[in-house]
1. Once the Cβ-Cβ distance between Asp200 and Gln69 is put in as r, and R0 is 56 Å, what FRET efficiency do you end up with, to the nearest 0.05?
2. Could you give the length gained on full extension between Asn312 and Arg425, defined as 0.36 nm per residue of separation minus the Cα-Cα distance, in nm?
3. Taking the solvent-accessible surface of protein heavy atoms with a 1.4 Å probe, what is the per residue accessible area of segment 344-492 in Å²?
4. Hey, which of these cross-link pairs are over 19 Å Cα-Cα: Lys330/Lys436; Lys304/Lys350; Lys352/Lys436; Lys141/Lys320?
5. Provide the gained length on full extension for the span Gln239 to Glu495, in nm with one decimal, where the gain is 0.36 nm per separating residue minus the Cα-Cα distance.
6. Using 7 Å Cα-to-Cβ label points, what is the Leu134/Asp218 separation (nm, one decimal)?
7. Could you check how much of the accessible area of segment 456-522 is carbon and sulfur, as a whole percent, using a 1.4 Å probe?
8. Assign unit charges at the C-beta atoms only (+1 for Lys and Arg, -1 for Asp and Glu), then state the dipole size of segment 79-207 relative to its Cα centre in Debye, rounded to the nearest 20.
Amino acid sequence: MVKIRVKFEPRQANRRDRVPTYFKNEFHGYDDDMPKSLQRFTELLDKEKDGDGAGLKAAKDIVAALRRQYGIPKFCNLTLELPQLKEFLFSTELNPPIGDQVHHDMNAPLSHYFIHTSLKSYYTGNVFGRYSILPIIDSLKQGVRVVELDLFPCGKDSICVRRRWKFEKPLELQECFDAIKEHAFTPTRSYPVIITFKDDLKPDLQSKAIQMIDQTFDNMVYHHDPHSLEEFPSPAQLQNKILISQRPPKELLYANHDENGVEIRQEPTDENFQSLVGFHAVEPRGILQKALTGNIQQPGWYEKDVISFTQNRFLRTRPKRSFFSNAPYKPQRAWMHGAQMIALSRQDDKEKLWLIQGMFRANGGCGYVKKPSFLLNADSSGVFYPTENPVVAKTLKVKIYMGEGWNVDFKKRIGRLSKPDLYVRISIAGVSHDEKIMKTREKNNEWTPTWGEEFIFPLTYPDLALLSFEVYDHEVSSADVFCGQTCLPVSELIEGIRAVPLYDEKGEACSATMLLIRFKWA
């Protein structure tokens with residue numbers, strides 16, 4: 001048998017000659033020559049994982065991953081030494097915290113899924129910002145499956161996309177359609193895209209919109225009677241299809257009244273335009289909207305009815321806002337009621353956007369996440385409500401070992417006069433009983449901080465929980481400086497020591513910054 005030694009190209013130069021002191025001490029004194037053999041490496045991992053026998057499997061998985069990554073044939077013997085172990089542990093590609101494959105059942109009705117939704121998908125900035133197809137393209141590339149377009153007449157016979165305020169030149173509707181068609185589907189992202197219209201169009205322009213849709217998308221458009229009582233098709237059945245959604249009809253009264261109970265006037269509509277609409281998503285208003293998206297914690301009369309409603313019909317929520325201020329918005333409250341579409345724009349509260357991005361990293365990032373069974377299977381008399389009689393179902397242990405990469409991604413922002421004082425803020429978002437915020441110590445004057453701190457989270461509903469990490473550089477005389485974040489669905493975490501990639505404020509991946517973290521269920 002041929003023995004070879006694998007040569008790795010480290011992701012960053014500062015890994016090449018440095019063995020982290022933390023690992024020399026934490027990994028039971030093995031020092032630089034730590035795993036000289038598979039057996040010794042097995043012993044090490046078994047001890048780290050409390051003797052549960054996972055070491056042998058972990059070692060074999062690492063060997064298999066390295067063979068695939070570097071094309072090493074099976075007849076060649078692979079010698080695992082500390083540089084190989086370290087490179088594997090720090091690789092966000094070989095050793096990720098969650099999987100990257102679609103693994104949920106995609107054959108249930110569409111209403112059984114949370115769907116990645118954007119708000120004002122064409123809008124790039126504040127009130128005086130500009131409109132563009134670029135946010136639409138970026139959203140689709142990030143896995144968004146619901147795109148919202150506000151339609152208004154332009155001149156006598158044109159249709160444009162814009163906000164109600166007329167500060168900027170509007171977009172042509174055809175531009176948006178072309179961008180959606182080009183970027184909606186890829187070989188790895190084929191589940192349906194929903195275009196939601198909010199329109200102030202008269203019937204003649206609605207007829208023109210139909211022609212544009214038919215000419216652009218042709219047989220990609222799925223037609224479904226929104227008043228039908230038949231079960232909606234599944235994401236698997238609707239692959240590479242475009243669905244059209246619109247404001248719900250006026251018979252859905254509670255969705256078409258303002259906060260004072262005044263009915264919202266319905267414009268006349270073209271019958272063919274209505275036939276093109278695949279479904280209506282109800283948007284709650286007034287006290288129901290506040291309860292589903294805000295900080296109201298006390299259960300009300302509506303809670304169980306809403307969950308029962310969302311088992312077969314669609315509910316969409318968005319932040320309540322005025323020209324001068326925005327109301328608090330907690331997307332997790334809408335999820336715990338079964339709402340499928342939680343809409344946020346690129347300009348909304350960044351912490352809430354991070355939660356949305358974290359939720360839809362689940363299920364391979366395909367844009368559809370199957371609801372937990374307890375939101376789907378109960379009947380109207382015994383429907384689940386997630387604040388009743390909480391009992392801890394699982395306990396998650398999270399140990400933050402260390403991190404690196406800030407000298408690559410954040411050097412222009414921190415460390416100009418001295419090395420940063422980094423700390424990690426770790427939190428759970430979910431049902432109120434599970435939510436918790438904690439933080440590590442500050443590691444003073446270090447580009448490669450080592451914490452070695454463990455945090456324990458008892459969880460009553462782990463299927464609705466999101467785990468967030470935010471890193472900051474502590475400043476004495478000013479606000480602490482943001483240095484990366486990520487949010488992960490708790491139900492998707494892979495146990496063991498994992499390389500967790502960090503993202504910037506917009507949710508774009510950092511090139512080098514990551515945390516090394518152990519996840520363990522107790």
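The values are calculated or read from the model by the stated rules, or taken from the named source; none is laboratory data. Computed from a predicted model, the values in this text were never measured in an experiment. Cβ: placed from backbone, ideal geometry, glycine included. Neighbour counts: every protein chain shown. Accessible surface areas use protein heavy atoms only, side chains included; no ligands, DNA or RNA. Shrake-Rupley method; radii C 1.70, N 1.55, O 1.52, S 1.80 Å.
1. Result of the calculation: an efficiency of 0.55.
2. 36.9 nm
3. Details: 6030 Å² over 149 residues.
On a per-residue basis, segment 344-492 sits at 40 Å².
4. Lys304/Lys350; Lys141/Lys320
5. Numbers: separation 256, 0.36 × 256 = 92.16 nm, distance 3.19 nm.
My answer for the length gained is 89.0 nm.
6. Taking the two extended label points, one gets 3.1 nm.
7. Details: 1090 of 2180 Å².
C and S atoms contribute 50 percent here.
8. The dipole magnitude comes to about 560 debye.
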